[in-house]
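The values are calculated or read from the model by the stated rules, or taken from the named source; none is laboratory data. Just so you know, these numbers come straight off a predicted model, no measurement behind them. Positions of Cβ are backbone-derived with ideal geometry, glycine not excepted, and every protein chain shown enters the neighbour counts.
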């Protein structure tokens, strides 16, 4: 029986999008060709009708066990981070992107759940990130205990900031904090990705999306002057 064809739009959630991103590189075309065995060993070649010529099979992508099925985008993998790890990640995400007058903190917008989905994915890069994130969370708890005798989630804002200041930039971190700085860099990137793909995060930077404008006034004159392009002032419409 032929497969049923439908024009129903495919709906992908964030997990589905992650799976597609992680597996795109696996689709490598494999070209096939069939040799023409019609050439005689001795003598002239007898022309063959075009209808009898061998046809090369269409190229097919090399598949993997995790190729996305866009017609059935119900994609699942088990989440591996523990409740305690997620609680620590939430606290850290709220330090990386704290709440302000415009939006909640990244942790309050569940950036830790996005990170959990990312590091739980069954791909090599994600598995490496899982090791990095889990090791970093262990380091945070150990460092909090060493400095202040408390768990990271029990520290005051000033104490949390003191630890994060030592690992916030890999380029400037002391040798003893290099591994922790690599962990912080990864969590910072994932936190920003999670935050700025929410409605609140997009509103935080004033992103309007694909909306029609009644008019376009052009860039401010001060900006044009700074760029040496003041001759283009008043050309909006």
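Of the conditions (1) modelled with pLDDT under 95; (2) surrounded by 15 or more Cβ atoms within 10 Å (Cβ to Cβ); (3) within 27 Å of residue 199 (Cα to Cα), residue 123 clears all except one; give me its number.
Result: residue 123 fails condition (3) only.
Could you grab me the full set of residues in region 114-164 that are under 20 Å from residue 96 (Cβ atoms) and assigned to a loop (DSSP other than H, G, I, E, B)?
Selection gives 151, 155, 156.
I want to confirm something. Restricting to region 154-165 and keeping residues that are over 26 Å from the mean Cα position of the chain (by Cα) and surrounded by 16 or more Cβ atoms within 10 Å (Cβ to Cβ), which single residue is farthest from residue 91 (Cα to Cα)?
Applying the filter and picking the extreme gives 163.
Restricting to region 166-188, what's the tally of residues that are under 20 Å from residue 138 (Cβ atoms), within 26 Å of the chain's Cα centre (by Cα) and surrounded by fewer than 15 Cβ atoms within 10 Å (Cβ to Cβ)?
The total comes to 1.
Where residues in region 48-102 are surrounded by fewer than 11 Cβ atoms within 10 Å (Cβ to Cβ) and within 28 Å of residue 186 (Cβ to Cβ), which of them is modelled with the highest pLDDT?
The extreme case among them is 83.
I need the helices (runs of 4 or more DSSP H) fully contained in region 168-237, keeping only those with at least 3 residues that are in contact (Cβ under 8 Å) with a residue 60 or more places away in the chain and in contact with a helix residue (DSSP H, G or I) (Cβ under 6 Å, 6 or more places away or on another chain).
Those helices (runs of 4 or more DSSP H) span 178-195.
Go through (1) modelled with pLDDT of 90 or more; (2) more than 19 Å from residue 118 (Cα to Cα) for residue 40 and report which single condition fails.
It is condition (1) that residue 40 fails.
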